[in-house]
Every structure is written in C-alpha cells, then in structure tokens.
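The values are calculated or read from the model by the stated rules, or taken from the named source; none is laboratory data. Owing to the predicted nature of the structure, the values given are computational and were not obtained by experimental measurement. Positions of Cβ are backbone-derived with ideal geometry, glycine not excepted, and every protein chain shown enters the neighbour counts. Accessible surface is based on the protein model in full, side chains and every heavy atom, while ligands, DNA and RNA are left aside. Shrake-Rupley method; radii C 1.70, N 1.55, O 1.52, S 1.80 Å.
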Amino acid sequence: MNIDKGKVVRIAIIALFSLSIMIAGQLIYTRYSVEKSLINTLTQRPDIVKAELIKAPDKLWVFVELKNVDSILDAWNEINSISKRHLRGQMFSITILGNPNSLVEELYNNQIQYDLYEAIQTGNYSNMRESLDETEAAEGVTIKVFIDTERLYMHLQHGEHYLYKILERA
C-alpha cells in the first residue's frame, strides 16, 4: 500500500485548521454570548450600578456594585440565581460592592467585623445584635444583618454611604 505523504500532510493541516476554528468559536461564544449576557442581565436590574466579570485560572469573579438596597439578602440571592443560570456549572464567586466612606470602612474594620465573626464562630447572634445596637447608637449608623443557613449578610449605612459584607457561616 502506497501512502502519499502529500495527502497526509494536507489532511493533517486541514484537521488542525478545523480544530482551531472550533476552539476559537467556542471561546468567542463563551466570551460574548454567555459572559456578556450575564453582565447585561445584571446591569438591567434597577438596584445595580455596574457589574463586571473577571476570569481567574480556577473560577470567575462576579463584581457587582449595588445601590443602597433594603435587603442585601434578597439582592444577593437574585444576583446568585442570575449568575448560576448564565454560567451553567462554572465555578464563580460574587463580590458585592457598595459606596463606603472612611467612617463606614473604619467602623467595620475596627469594630463590627469582630462582632460578626464572633457570632458566626459561637452561634450567639443575640449578643452580636446587642453589640451592633450599641454601635448604631454611639456612631449614628444603621446596621442591618440578615442570616440564612449558609451566610451572614451585613449592610452598614451612614447617610449616603454604605458597605455590604457577605460572610460564609462555615
């Protein structure tokens, strides 16, 4: 049996070219259809200022800047649901951004986070609420905390400035 090396080379080149086109098509589809669709769906929500998707080697990061909302729990659940629907099984993490000022950030970093993490570790959410009530009275801020089976959601507000934190309840 005589094999024409020229034919084999042409077939190999055509196969590689076809494979390259299929891979490029898949990348374009993922980038422009799935990811852009997620961002467009999120930014259509009235409570979202902007949304961004960043690829990391092991997962996608969904960054969402929220307006001042009444329930961070409801907003997070909706953002998570939309992200799951669009990303179809891909690993992703959501980061919620607010509009903090230095007072809000310092208050969270130097005081409130300790109350939240202590409550998560001990399960004593009543003491956390009492401590947060004292902070609200002393600092003139509003602190809303929502809890579900997986996370603790905190919304800290001072005037037009606000900070959101979502903490896993391991």
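Tell me which residues, restricted to the range 111-150, are open to solvent by less than 60 Å² (accessible area, probe 1.4 Å) and assigned to a strand (DSSP E or B). Give the steps one after another, and end with the answer.
Keep residues of the range 111-150 that are open to solvent by less than 60 Å² (accessible area, probe 1.4 Å), which gives 112-113, 115-116, 119-120, 123, 125, 128, 131-132, 135-136, 140-141, 143, 145-146, 148.
Those that are open to solvent by less than 60 Å² (accessible area, probe 1.4 Å) and assigned to a strand (DSSP E or B): Ile143, Val145, Phe146.
Matching residues to (1) touching a helix residue (DSSP H, G or I) at 6+ places or on another chain (Cβ under 7 Å); (2) modelled with pLDDT of 95 or more; (3) aliphatic (A, V, I, L, M):
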{"residue": "Ile72", "(1), (2), (3)": "no, yes, yes"}
{"residue": "Arg85", "(1), (2), (3)": "no, no, no"}
{"residue": "Gly89", "(1), (2), (3)": "no, no, no"}
{"residue": "Met128", "(1), (2), (3)": "yes, yes, yes"}
{"residue": "Leu132", "(1), (2), (3)": "yes, yes, yes"}
{"residue": "Ile147", "(1), (2), (3)": "yes, yes, yes"}
{"residue": "His155", "(1), (2), (3)": "yes, yes, no"}
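Could you list, in sequence order, the residues of the range 89-110 that are touching a Leu at 6+ places or on another chain (Cβ under 9 Å), open to solvent by 40 Å² or more (accessible area, probe 1.4 Å) and part of a helix (DSSP H, G or I)?
Glu105
Would you check which residues across the range 10-69 are farther than 19 Å from Tyr164 by Cβ, part of a strand (DSSP E or B) and either open to solvent by 60 Å² or more (accessible area, probe 1.4 Å) or at pLDDT 95 or above (or both) and list them?
Lys55
Can you say whether Gln157 is open to solvent by less than 80 Å² (accessible area, probe 1.4 Å) and farther than 21 Å from Glu65 by Cβ, as far as the supplied structure shows? It would help to see each step written out before you state the result.
On the way: open to solvent by less than 80 Å² (accessible area, probe 1.4 Å): yes; farther than 21 Å from Glu65 by Cβ: no.
When the stated conditions are applied, Gln157 does not pass them.
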